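The values are calculated or read from the model by the stated rules, or taken from the named source; none is laboratory data. Predicted model, so just to flag it, every value in this text is computed and none were measured. Cβ coordinates were reconstructed from backbone atoms using ideal geometry, including for glycine residues, and neighbour counts include every protein chain displayed. Protein only, heavy atoms only, side chains kept; ligands, DNA and RNA dropped before computing areas. Shrake-Rupley method; radii C 1.70, N 1.55, O 1.52, S 1.80 Å.
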Amino acid sequence: MVDINKLVDTKASTQSKEVFWDQEVYDREIKNIFGRSWLFLTHECMLEKKGDFITTKMAEDSVIVTRHTDGSLKAFVNSCTHRGNSICSADSGNTKSFVCNYHGWVFSTDGKLVDVPLREKCYHDELDRDSLSLKTIRVESYRGFVFGCFDETAPSLEDFLGDWGWYLDTWMVGAGEGAELVGPPMKSILKCNWKVPTENFVGDGYHVGWTHASALHVLGGELGGLAGNQAEMPFDELGIQVTTRHGHGFGVIDNAAIAIHAKRDEYAKYMEETIPKVAENLGEPRAKLFNGHWNCSTFPNCSFLYGTNIFKVWHPRGPHEIEVWSWVIVHKDMSDEGKREVVKQAVRSFGTAGTLESDDGDNMVQSTHVNRGNYTREGTMNSTMGQGYEGEHPDYPGIVGSSFIGETSYRGFYRFYQEMMSADSWDDIRANDEHWADCFPNKNYWKDRIAAKAAE
Ligand code: FES
Ligand code: FE
């Protein structure tokens, strides 16, 4: 019997292997995590005109997101309030209304039931249309990135992101114009648990020089400083790893973006011109990050690589399967040629059939399905790398680890995962706001390290 309140040991930094396999754990995740968190839906650039819509998933629920006639964003569950059929089967489009395929009920772009065939004759004009709107979902946008939340008691999207928003602004605001996604998303199915790629993206710089060694040797010329093997990967002082409240986090390799794109003239030119503007707009610490390569996850299931510019959502389909949706990140003020260079590079590396994507997919599937074994699942997984070499940093919010190769952000992700799995409500979670980082005991790590360096 799995004890859902003891899946994660934050002191030992271990996780039960049941988190990748057990159906009961998965069912609780759907309710406690996907039912309460802000989940990525789309980017506003895909909903520019009134009547534009996209369909997507929030966990296993199909949802529709629209630009309503008053210009506001709306989101609702894609299930008819008559007999439950889905009312939209298109991925995207522009419409005045949604007409259910089954009996023809008509819903407006804000989800209201506006017409019912044979309403007078068969319902005797007694149907209460106002009570039969589609089930609405909270929808909010951060720098044009649109998220939805099922839980009315959850904090605002901005508060849910918290300090993570400070980091996201590095490229979502940048020099001022911001960023957008190139869609429609590439889609594929992967037979793995949704947390395997989420944890990989949130903090796994460790695997890059090993899992991707062959690909990096082949692509070496293109990936600049990242070429080589694990032993040659940069360590201390060549990047940091960060976790913030609510489990968001990332690892960043310094000065990697220009190196990766060194052969792409337009991109390199864009970066060289833009970095000083980012410094002016957001300050030096974020200008430094702007030219980094980031591996990141926004809790719970939205990940991206900034630098290789791929943006992904891992939609769960049961404990052992996900649907992977991938877009490409581009800066709005890049030239068209610069955007084309970024899209080509991102698709070739981390698109559905990308070189590095295929390397990762193999590990994702194996890490999940090895847990088919009953005795295997009695074991735990370890995320102790860099424990104690992390703390509060004068320039960067959250808990900051000393190298981009570490497991600080794994620990932060699973700490919040357990908090959500055990909590009865957002009130329980809010009660921990002051103390969330107590499991990172060496908070003065950076203060001591900077003082020691100054004394040298
Ligand atoms: Fe939609 Fe009947 S199920 S109109
Ligand atoms: Fe990888």
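Here are the numbers:
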quantity: Within-9-Å neighbourhood charge of Gln241 [Cβ basis; K, R +1; D, E -1]; calculated: -2
quantity: Å² per residue, accessible surface of the chain at 1.4 Å; calculated: 42
quantity: Overall Cα dimensions of the chain, principal axis frame, Å, largest first; calculated: 88, 56, 40
quantity: Relative packing of peptides 123-133, 172-182 - highest average C-beta neighbours within 10 Å first; calculated: 172-182, 123-133
quantity: Segment Ala451-Glu120, length gained on full extension (0.36 nm per residue, minus Cα span); calculated: 111.2 nm
quantity: Per-residue ³J(HN,Hα) for segment 185-194, Karplus 6.51 cos²θ - 1.76 cosθ + 1.60, θ = phi - 60°, Hz, x for Gly and Pro; calculated: x, 6, 10, 8, 10, 10, 8, 8, 6, 4
quantity: Packing rank of 79-89, 247-257, 54-64, where each peptide gets the mean count of other beta carbons within 10 Å, highest leading; calculated: 247-257, 54-64, 79-89
quantity: Sites Cys45 and Lys269, calculated FRET efficiency, Cβ-Cβ separation with R0 25 Å, nearest 0.05; calculated: 0.60
quantity: Percent carbon-and-sulfur accessible area, the chain, ignoring ligands, DNA and RNA, probe 1.4 Å; calculated: 48
quantity: Ranked by how many other beta carbons lie within 10 Å on average, peptides 422-430, 398-406, 315-323, 371-379 from highest; calculated: 398-406, 315-323, 422-430, 371-379
quantity: Cut-off 19 Å (backbone N to label point 7 Å along Cα→Cβ of Asn442), residues of segment 7-41; calculated: 10-14
quantity: Neighbourhood net charge (13 Å Cβ-Cβ; Lys/Arg +1, Asp/Glu -1) for Gly351; calculated: +2
quantity: Stretchable slack from Asp424 to Gln23, in nm (0.36 nm times residue separation minus alpha-carbon distance); calculated: 142.4 nm
quantity: Helix 163-172 vs. the chain, principal-axis angle (Cα, 0 to 90°, nearest 10); calculated: 90
quantity: Per-pair calculated FRET efficiency, R0 = 56 Å: Leu127 and Asp159 via Cβ, rounded to 0.05; calculated: 0.90
quantity: Backbone HN-Hα couplings from phi across segment 443-456 [Karplus 6.51/-1.76/1.60, Hz, Gly and Pro as x]; calculated: 4, 8, 3, 6, 4, 5, 5, 5, 5, 5, 5, 5, 7, 5
quantity: Kirkwood Rh, Cα atoms: Rg over Rh of segment 39-141; calculated: 0.98
quantity: Length-normalised contact order for the chain - Cα pairs under 8 Å, 6+ apart - percent; calculated: 20
